[in-house]
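Heads up, the thing below is written out as C-alpha cells.
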Amino acid sequence: MGMTITEKILAAHSGRDSVVPGEIVNAKLDLIVCHDVTTPPAVAMLKKLGINKVHDPKKILVTPDHFVPNKDIKSAELSKQLREWRIEQGIERYYEIGNHGICHAIAPEQGHVLPGQTIVCGDSHTTTMGALGTFSSGVGSTDLAAALATGELWFKVPESMLFELNGDLPFGVYSKDIILYVISKIGVDGARYRAMEYRGSGLKSLTMEARFTITNMAIEAGGKSGIMPADSIAEDYVKARTSESYTIYNSDEDANYSERFTINLNELEPIVALPDLPSNGRFIGEIKREKMDQVYIGSCTNGRIEDLRIAAQIFKGNKVADGTRAIVVPATTEVWKTAMKEGLLEIFADAGCVVSTATCGACLGGHMGVLGAEEKCLSTTNRNFVGRMGSPKSKVYLASPATAAATAITGTITDPREFLKKTAAAAA
Amino acid sequence: MPELPTNLKGFAHVYDRAHINTDEIIPARYLNVHEEAELAKYAMEDIDVDFVKRVKPGDFVIAGDNFGCGSSREHAIWALRGAGIKVIVAKSYSRIFFRNAINNGFLAIEADFCDNVKNGDEVELDLTAGKFRNLSSGKEASFVPVSDFARELIEDGGLLPHIQKKAAKAA
Ligand code: SF4
C-alpha cells in the first residue's frame, strides 16, 4: 500500500519506513514557531519543571504578533516575557516590532519553511505552511512546551482526504472562495483529525500566496493539517528565499484516502460565509446585500501582498461608503513595505481606509477594529464564530479581499466583479 | 503512579449544541493572561454569563459535537479547570482541544448524553464500568473508552510529567 505525503513525512521524521493512519508516532520537528499568546505559558511550564534550556534554539522562530504593538499592560508583559526568553535561550530567528509579522505569514515569507519539514506552532492556523509540502499542525501550550524541550512531539498519523482541483478560477473569483466553498460542502468538522490534501490541474494556476489561503483554513473544517505537493511554483518560492536543501515528498498513486472530492474551479463564484460559522458559505448572488459597519482586510488568511493588490485595484479612485469603516492590516512588515513602494498604501488612504502595521489585531477581537454589539463586519479573516471579532452580539461575514473592498465602497455586501469589470474596461 | 480515578460525581452544566468554540469558552479579550484563577473568572462568558456563578468544584460540562473547535488556546482547558470543572462529556471534540485535554491530564469523555441530562442533574462517571450515569434520572450511557496512550498521559499527570518520566527512565 502506498503512502500519502503526510504519511511519508511523518514516517521519515520518526525513523520509520512506513506508517499507517491511527498509529501514534514521535516525530522530530524541523521548526517550532512561537508567538506572544501561547508561548509565555509554555515557557512558564518549562521553568516550573526546572527545564531551563530549549532542545535546539536553531529550530525555533519567534515573532510577537497577536496583541502587537502591545495593546495593554498585560499584553506588554507577554511580549516582554517572549523577548527576554528568546535572548536567554539564544534564539536568533526573532522578528521584533518593525520587522515582525503574523507568524504563519512571516515564517514562509522569510524562507524558514521548506518542503518535507515538520512544523508546529501554538496556533491553530499553523496548517497554512502545508502549502509548501510540509506537515504543519497547530498545538496548545503544553505540546509547545514539550516540543521546545525535546525537539519532537507525538502525533496520531491522520487519515488523508483528497481534494482534486480542476479547471481555472473565473474572473473575480479567488482562492478564498475555493476554501470557503470546500468548508461549506464538508462542514466545520468535515475534516476533523484528518489531513486535507490538494492536487490537480487547478492548483497549477494558483500562486503560492493564493495557496496559503487554502491551507490556512484547514482548521475551519477541523483538519489537522492542509497539504499540497511542492511543485515548481513552490520550489521557485522557496529558492527565492533560502539556499537550504530540502526533500520533496509526493503521494503514491495507490495511497489511501478516506474521502475524495473533485472541485471544478470554473463553476465557482465569489462566496460569503454568513455568521456564525465558516461553513455558512453562499454564492454572493444568493444572499441579501446586508449593510456592513466595518470591513477588515488582513490576517494570516488574506493579508499578503497579492491580497492587498487586488483590494487596491478595486479601491483605486473610489471612496469607502459613508457609515462604513475600512481597515487594512498587512500580514507582515515586508508586505507593508512592498505595499508602500507600490503605492497601495496611498490608494487605501485616499479611499478612506485605515492602514495598520502588521498584527493579528481585530481578527481575534484583540485590538485595531474590535466590534461593538449589533455591529456587522465583512472580513477577509478565517473565523466568524460568535464574538470572534469583539462583542458576542456582533456579526462577522467572511469573504475574499476583492469582495471586502467592493463591500467597503458600497457599504453593503457587493459582488467584486461589478468593480473589476469597470477597472478592466478602463484599462482597455 | 497515580491511577485514574474510578468514580467521579458532580453536577451537570448542559450545552446542547454542536461546535462550541474556544472563543465562547474563553474569549480572546482575556488571553492577555494565562493564570488559571484569572481565566476562570471568564469561563464560558460568551455562551453563558452565569456559568461562573453556578459552577462548583467537581462539576461536569455536557455538550454536543465538535466541542472546543476553533483556536488552539489551551486557555480554554485552564479556564474550565480553574472554574472547577472536573470532566467534560461531549459527543465529540475538536482535535486540538482533545489533545490539550489529554496533555493536561484532564478528562474529556466522548459520549452522546445531552438528551439524557438537564442543567443541575447529578451525574457520575464510572471509569471502571465504562458508564456515565445521570443519578437524578437513573439514565446511563457507555462512552468511548479512553485510549491506552491517553490513559498513560493522564495517569502520569499530563504530557510534561510523562516526558520527564520517560527521560528519567532512559538516563
Ligand atoms: S491573524 Fe487571526 S487567525 Fe491568523 S494567527 Fe492571528 S489571530 Fe490567528
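Just so you know, all these numbers are worked out from the coordinates, no wet-lab data involved. In this text, all values refer to a predicted model and were calculated from it rather than measured experimentally. Cβ coordinates were reconstructed from backbone atoms using ideal geometry, including for glycine residues, and neighbour counts include every protein chain displayed.
See the values below:
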quantity	calculated
Diffusion coefficient, µm² s⁻¹, Stokes-Einstein with Kirkwood Rh over alpha-carbon pairs of chain B at 10 °C and 1.306 mPa s	98
Distance from segment B:1-53 to segment A:215-274 (C-alpha centre basis), Å	35
If the convex hull is drawn through the Cα atoms of segment A:381-428, its volume per residue in Å³	72
Loop trypsin sites (Lys or Arg not before Pro), segment A:298-385, which have at most 14 other Cβ atoms in a 10 Å radius of their Cβ (DSSP)	A:LYS319
Shielding of A:114-120 by partner chains, average beta-carbon count, 10 Å	0
Approximate spin-label separation A:THR247-A:LYS393, in nm, with each point projected 7 Å along Cα-to-Cβ	5.7
Long-range HN-HN contacts of A:GLY226 with modeled amide H, under 5 Å	A:GLY130, A:SER136, A:MET196
Using a Förster distance of 51 Å, the FRET efficiency for A:MET340-A:ILE24 (Cβ separation, nearest 0.05)	0.60
Cα centroid of segment B:59-119 to Cα centroid of segment A:157-174, whole Å	32
Sites B:ALA170 and B:ARG54 - FRET efficiency at Förster radius 51 Å, r taken between beta-carbons, to 0.05	0.65
Most mobile of A:GLY285, A:GLY411, A:GLY361 in a GNM of chain A (Cα contacts under 10 Å)	A:GLY285
Built amide H within the under 5 Å cut-off of A:GLN117, gap 5+	A:PHE135
For segment A:267-397, radius of gyration divided by Kirkwood radius, i.e. Rg to Rh on alpha-carbons	0.95
Burial order of peptide ranges B:47-59, A:94-106 (average beta-carbon count within 10 Å, highest first)	A:94-106, B:47-59
Segment A:57-74 - phi-based ³J(HN,Hα) in whole Hz, Karplus 6.51/-1.76/1.60, Gly and Pro as x	x, 5, 9, 10, 10, 10, 8, x, 9, 6, 10, 10, x, 2, 8, 7, 5, 5
Cβ-based exposure ranking for A:ASP231, A:ASP276, in which fewest neighbours within 10 Å come first	A:ASP231, A:ASP276
Farthest positive-ward along segment A:15-92 dipole, Cα basis, beta-carbon charges - from A:GLY50, A:SER79, A:GLY90	A:GLY50
Karplus 3J(HN,Hα) series, Hz, for segment B:101-110 with 6.51 cos²θ - 1.76 cosθ + 1.60 (x for Gly, Pro)	4, 4, 4, 8, x, 9, 7, 10, 9, 9
Efficiency of FRET between A:GLU290 and A:SER258 - r from beta-carbon atoms, R0 41 angstrom, step 0.05	0.65
Dimensionless Rg ratio for segment A:78-179, taking C-alpha atoms and the 2.2 N^0.38 Å reference	1.31
Residue-averaged 222 nm ellipticity for chain B, from DSSP H runs of 4+ at -39500 (n - 2.57), nearest 500	-8000 deg cm²/dmol
Partner lysines for A:LYS239 [C-alpha distance under 22 Å; skip if fewer than 8 residues away on the same chain]	A:LYS58, A:LYS59, A:LYS204, A:LYS337
Reachable lysines from B:LYS41, criterion Cα separation under 24 angstrom, eight or more residues apart if same chain	A:LYS48, A:LYS71, A:LYS74, A:LYS393, B:LYS9, B:LYS53, B:LYS56, B:LYS86, B:LYS118
Selection of chymotrypsin sites (Phe, Trp or Tyr not before Pro), segment A:121-172, meeting DSSP coil and at most 13 other Cβ within 10 Å	A:PHE171
Other-chain or far-sequence residues with amide H under 5 Å of A:THR412's (modelled H)	A:MET292
Semi-axis lengths, Å, segment A:1-78, gyration tensor of Cα atoms, sqrt of 5 times eigenvalues	34, 16, 11
Equivalent-ellipsoid semi-axes of segment A:180-314, from the Cα gyration tensor, Å, largest first	27, 21, 14
Cα gyration tensor of segment A:322-376 - equivalent ellipsoid semi-axes, whole Å, descending	22, 15, 5
Restraint check, A:LYS288/B:LYS91; A:LYS53/A:LYS80; A:LYS28/B:LYS166, Cα-Cα greater than 25 Å	A:LYS288/B:LYS91
Which of A:ILE91, B:ILE77 has the fewest Cβ neighbours within 10 Å, and the rest in rising order	A:ILE91, B:ILE77
Qualifying GluC sites (Glu not before Pro) for segment B:19-84 [loop in DSSP, other Cβ within 10 Å: at most 13]	B:GLU35
Distance histogram for the protein assembly as shown (every C-alpha pair counted, 10 angstrom bins, percent rounded to whole numbers)	3, 18, 29, 28, 16, 5, 1, 0
Phi to ³J(HN,Hα) by Karplus 6.51 cos²θ - 1.76 cosθ + 1.60 over segment A:281-295, Hz, x for Gly, Pro	x, 9, 4, 4, x, 9, 10, 5, 7, 5, 7, 10, 7, 8, 10
Chain B, relative contact order [Cα under 8 Å, separation at least 6], %	25
Calculated P(r) of segment A:142-223 - Cα pairs past 17 Å, %	53
On Cα atoms only, tilt of A:39-48 relative to the major axis of chain A in degrees	30
Chain A, relative contact order in percent, only Cα pairs under 8 angstrom and at least six apart counted	17
Relative exposure of A:THR380, A:THR207, judged by other C-beta atoms within 10 Å (fewest first)	A:THR207, A:THR380
Scattering curve values for segment A:42-110, log₁₀ I(q)/I(0), Debye with Cα scatterers, q = 0.14, 0.17, 0.24 Å⁻¹	-0.45, -0.66, -1.16
Between segment A:134-151 and segment A:1-59, the Cα center-to-center distance that results, in Å	5
Residue among B:ASN32, B:ASN119, B:ASN21 with the largest mean-square fluctuation in a Gaussian network model of chain B, springs linking Cα atoms under 10 Å	B:ASN32
